[in-house]
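What follows is a single structure, written as structure tokens, with notes after it.
The values are calculated or read from the model by the stated rules, or taken from the named source; none is laboratory data. In this text the structure is predicted, and so the values were computed from the model without any measurement. Here the Cβ positions follow ideal geometry from the backbone for every residue, glycine too, while neighbour counts run over all protein chains shown. Only protein heavy atoms, including side chains, enter the accessible area calculation; ligands, DNA and RNA are left aside. Shrake-Rupley method; radii C 1.70, N 1.55, O 1.52, S 1.80 Å.
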Amino acid sequence: MPITVVGSIAYDSVKTPFGERERMLGGAAVHFALAACFFDEVRVVGPIGEDFAEEDLEAIRQRGVDVSDVERVAGGKTFFWRGEYGWDLNTRETLDTQLGVFEGFKPKLSERSRESEVLFLANIQPDLQREVRAQLPHAGFVALDSMNLWIEIARDSLVQAIAEVDCLILNDAELRQLTRKPNLLSAAREVLSWKPHDTELRGPSVIVAKLGEYGAALITRDGFFALPAYPLESVIDPTGAGDTFAGGLVGYIAANRNGEITDELLRGAMAHATVLASFNVEDFGTERVLRLAREEIGSRLEELRAITQFSGTP
Ligand code: AMP
């Protein structure tokens, strides 16, 4: 089932203890698409500026991603983000965010992008997420990611945006900040109780809390599941790990969904998401995922399965 994604298409400048890169290809929608395209057809919606290199667009296109709804704004500047990580790669400092062409952007989706059964609202201004959501009222599965910036400056819109989707994917610290609850489970329960104004919509039923290098937890109305991150000795740059995780999760659901979103389907999605994210952090930005081969995903998935199994009776 084709997936439509809206979110930042960006240039990122990043410094980690292992090196730095200036203006590398990034953005939440880009990281998402490069992971999700291993599973299904992906259609990216969003603006880029005049400064966006044709070869970067071509790199995304080469992976089979549909970029026909990526709009180049004459005279505009591409979204830019600068961040720095210390030795604890779970936390980072945002040094600069320039919305550029996202300021005043009005998403106009092509008929093709509006027909997708699955929608991912990647991290961007929550009102924009809602505008896109409104253009796919009948999508069968809609997921959303966000970040501390939007909790701080646009919380009310974000709460509404979340109430209008099926699945929220958020860092654990952000989930606590959003709900003002110190406990992860009660924070997730709180979000599960949010109701959309539009009674045709269902409200969130799946919460995924990303725990950085410790993995991720899945909370539904009657289920709980968690996986550790795939253990790696060398992590170079975590930028985009969350979006790559979301790409694995939503991509797997789009490709394997057969009506109901079951806990079994969600567990499989969590495993694929974990594996995709583990590749992303092995190099700067999109570099590792852009050279990732399908066979590598399969073998790491088997290793993840082996390290998360146990036996023994009480
Ligand atoms: P992640 O590491 O998964 O949280 O995602 C990092 C990506 O998010 C980078 O490629 C940035 O370009 C993008 N990003 C950072 N801040 C924002 C923001 N305020 N809105 C949208 N995208 C952002």
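Some observations on this one:
- When peptides 157-170, 102-115 are ranked by their average number of other Cβ atoms within 10 Å per residue, the highest-first order is 157-170, 102-115.
- Links that overshoot a 30 Å alpha carbon limit, given the list Lys77/Lys108; Lys77/Lys195; Lys15/Lys195; Lys15/Lys106: Lys77/Lys195; Lys15/Lys195; Lys15/Lys106
- Remark: spin-label model distance Glu213-Thr94 equals 2.3 nm, labels positioned 7 Å along the Cα→Cβ axis.
- Model label sites at Arg61 and Arg221, defined 7 Å from Cα along the beta-carbon direction, differ in position by 4.5 nm.
- Accessible carbon and sulfur surface of the chain relative to its total accessible area, %, 1.4 Å: 49 percent
- In order through the range 171-177: 3J(HN,Hα) via Karplus (6.51 cos²θ - 1.76 cosθ + 1.60), integer Hz, x for Gly, Pro: 5, 4, 5, 6, 5, 5, 5
- Dipole magnitude for the range 120-271: about 340 debye, using +1 per Lys or Arg Cβ and -1 per Asp or Glu Cβ, origin at the Cα centre.
- Close amide H pairs (under 5 Å, H built 1.01 Å from N) link Gly27 with Ala10, residues at least 5 positions away or on another chain.
- Per-residue HN-Hα couplings for the range 293-308 [Karplus 6.51, -1.76, 1.60; θ = phi - 60°; Hz; x = Gly/Pro]: 9, 3, 4, 5, 5, x, 6, 5, 5, 5, 5, 5, 4, 5, 7, 10
- What you get for the chain, charging only the Cβ of Lys and Arg (+1) and of Asp and Glu (-1), is a dipole of about 660 debye around the Cα centre.
- Rounded, prolate or oblate (a/c below 1.5 giving rounded, otherwise prolate when a/b exceeds b/c) for the chain by Cα gyration tensor: rounded
- Ranked packing of 38-46, 306-314, 250-258, 214-222, most packed first, by mean Cβ within 10 Å: 38-46, 250-258, 214-222, 306-314
- Computed with a 1.4 Å probe over protein heavy atoms only, the accessible surface of the chain comes to 44 Å² per residue.
- Extension gain, Arg267 to Ala53, is 73.3 nm, computed as 0.36 nm per intervening residue step minus the present C-alpha separation.
- Between the range 255-271 and the range 99-147, the Cα center-to-center distance that results, in Å: 22 Å
- Computed lengthening from Glu111 to Arg202, 0.36 nm per intervening residue step minus Cα-Cα distance: 30.4 nm
- Under Karplus coefficients 6.51, -1.76 and 1.60, residue-wise ³J(HN,Hα) of the range 158-169 in Hz, glycine/proline x: 5, 4, 5, 4, 5, 5, 9, 10, 8, 9, 10, 10
- Helix-only [θ]222 nm of the chain, DSSP H runs n ≥ 4, -39500 (n - 2.57) each, per residue, nearest 500: -10500 deg cm²/dmol
- Neighbourhood charge, 13 Å Cβ-Cβ cut-off, centred on Ala161 and excluding it, Lys, Arg +1 and Asp, Glu -1: -4
- Packing-based order for 135-146, 21-32, using average beta carbon neighbours within 10 Å, highest first: 21-32, 135-146
- Here the gap between Gln309 and Glu260, fully extended at 0.36 nm per residue and compared with their Cα-Cα distance, gives a gain of 15.0 nm.
- Between Glu84 and Phe18, the distance separating the two model label sites (each 7 Å from Cα on the Cα→Cβ line) works out to 2.0 nm.
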